[in-house]
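The values are calculated or read from the model by the stated rules, or taken from the named source; none is laboratory data. Computed from a predicted structure; not experimentally measured. Here the Cβ is made from the backbone with ideal geometry for all residues, glycine too, and neighbour counts use every protein chain on show.
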Amino acid sequence: MSALVPNFKLSIVTINLNHAAGLERTIISVKNQTSLDKIEYIVIDGNSTDGSQEIAKKYAATINYYTSEKDQGIYQAMNKGIARANGEYLLFLNSGDTLYDHSVIQSFLTYEKQVPQQDVYYGRIAYANKNTRAAKHKIIPSMELFAIDSLPHPASFIAKKLFSEIGLYNENYKIISDWIFFFSAYIAQKKLHYIDLLVTIFEPGGVSSNHHVSYEEKLSFIKDFYPNFLIDFEYLNNMRYFRLSRLHNLIRRLLQK
């Protein structure tokens with residue numbers, strides 16, 4: 001595959017394990033970008049056995065760096081991608097996720113010129129379900145946000161230097177290390193800048209969709225590193241489900257009338 005070329009503005013990192021069809025969709029969405037010359041594309045495969053490696057070979061001209069070897073999980077794979085990236089910013093586009101349209105990266109580059117030198121530029125995601133694509137609304141970083149949610153990882157352009165300042169993704173957790181990274185950046189008062197851009201169509205159903213495991217891991221992390229935030233963290237989570245249950249009951253009563 002083509003050799004690494006330095007000085008890219010953006011490195012897109014795709015991790016994959018036995019999701020050949022999703023990998024092909026993701027690669028095509030990168031290949032079709034109007035600003036492809038500004039993009040370094042990195043694919044980290046976990047030694048797939050379902051034809052994913054053949055898909056990568058098929059699109060070798062689009063991929064700047066590719067490896068396929070067994071790893072210890074999604075965050076180790078992402079960290080491998082970070083180590084190989086030469087771009088000023090990184091976008092993590094996992095197999096199955098696709099860029100919203102052909103001009104997404106060009107739009108990001110325009111925003112970056114208008115408001116330069118931010119640590120993270122984050123846009124919005126849409127969810128690729130069977131019959132609907134509902135875009136996630138604008139979110140504002142706050143302690144309340146990080147108690148119940150996070151920045152949209154598949155729609156965040158992260159300055160590579162931030163991984164030196166905050167640290168790489170913590171490989172000791174299964175599904176919350178991107179949340180830990182963004183939470184740590186927020187606590188460190190890094191520049192988190194919203195851009196009005198629908199970036200990614202996100203494919204639900206992966207390991208990150210397990211909300212119970214996510215909550216338990218977040219609770220463990222808060223207990224270990226931010227124990228003074230524990231009471232507020234639990235309260236905000238309980239209030240979230242209380243509000244959702246009240247809304248659900250209200251809708252049910254209205255439908256019964």
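So which residues in region 116-155 are basic (Lys, Arg) and either modelled with pLDDT of 90 or more or assigned to a strand (DSSP E or B) (or both), if there are any at all? Within region 116-155, just Arg124 meets the criteria.
Residue-wise test of (1) at pLDDT 95 or above; (2) at negative phi; (3) surrounded by 15 or more Cβ atoms within 10 Å (Cβ to Cβ); (4) not hydrophobic (A, V, I, L, M, F, W, C).
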| residue | (1), (2), (3), (4) |
| --- | --- |
| Phe157 | yes, yes, yes, no |
| Lys161 | yes, yes, no, yes |
| Lys190 | yes, yes, yes, yes |
| Glu216 | no, yes, no, yes |
| Phe229 | no, yes, yes, no |
| Glu234 | no, yes, no, yes |
| Leu244 | no, yes, no, no |
| Arg252 | no, yes, no, yes |
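Residues satisfying the criterion are absent from region 53-69 (criterion: under 19 Å from the mean Cα position of the chain (by Cα), of a type outside the set (Lys, Arg) and surrounded by fewer than 19 Cβ atoms within 10 Å (Cβ to Cβ)). Would you confirm, using the coordinates I've provided, whether Val5 is of a type in the set (Val, Ile, Thr) and modelled with pLDDT under 95? Here the answer is yes, as Val5 does meet what is asked.
In region 45-56, is there at least one residue being in a strand (DSSP E or B) and touching a strand residue (DSSP E or B) at 6+ places or on another chain (Cβ under 6 Å)? Yes: region 45-56 contains one or more residues that are in a strand (DSSP E or B) and touching a strand residue (DSSP E or B) at 6+ places or on another chain (Cβ under 6 Å).
Any residue in region 126-136 that is free of Cβ contacts under 8 Å to residues at least 40 places away in the same chain and closer than 18 Å to Thr26 by Cβ? No - not one qualifying residue is present in region 126-136. Could you tell me whether any residue of region 91-106 is over 19 Å from Phe163 (Cα atoms), among the aromatic types (Phe, Trp, Tyr) and either touching a strand residue (DSSP E or B) at 6+ places or on another chain (Cβ under 8 Å) or surrounded by fewer than 19 Cβ atoms within 10 Å (Cβ to Cβ) (or both)? There is at least one residue in region 91-106 that is over 19 Å from Phe163 (Cα atoms), among the aromatic types (Phe, Trp, Tyr) and either touching a strand residue (DSSP E or B) at 6+ places or on another chain (Cβ under 8 Å) or surrounded by fewer than 19 Cβ atoms within 10 Å (Cβ to Cβ) (or both). The condition of being closer than 20 Å to Ser156 by Cα and surrounded by fewer than 19 Cβ atoms within 10 Å (Cβ to Cβ) holds for only one of Leu36, Leu23, Leu10, that being Leu36.
Given the criteria surrounded by 13 or more Cβ atoms within 10 Å (Cβ to Cβ), closer than 21 Å to Tyr75 by Cα, at pLDDT 95 or above and in contact with a helix residue (DSSP H, G or I) (Cβ under 9 Å, 6 or more places away or on another chain), does Phe183 qualify? Against the criterion (surrounded by 13 or more Cβ atoms within 10 Å (Cβ to Cβ), closer than 21 Å to Tyr75 by Cα, at pLDDT 95 or above and in contact with a helix residue (DSSP H, G or I) (Cβ under 9 Å, 6 or more places away or on another chain)), Phe183 qualifies.
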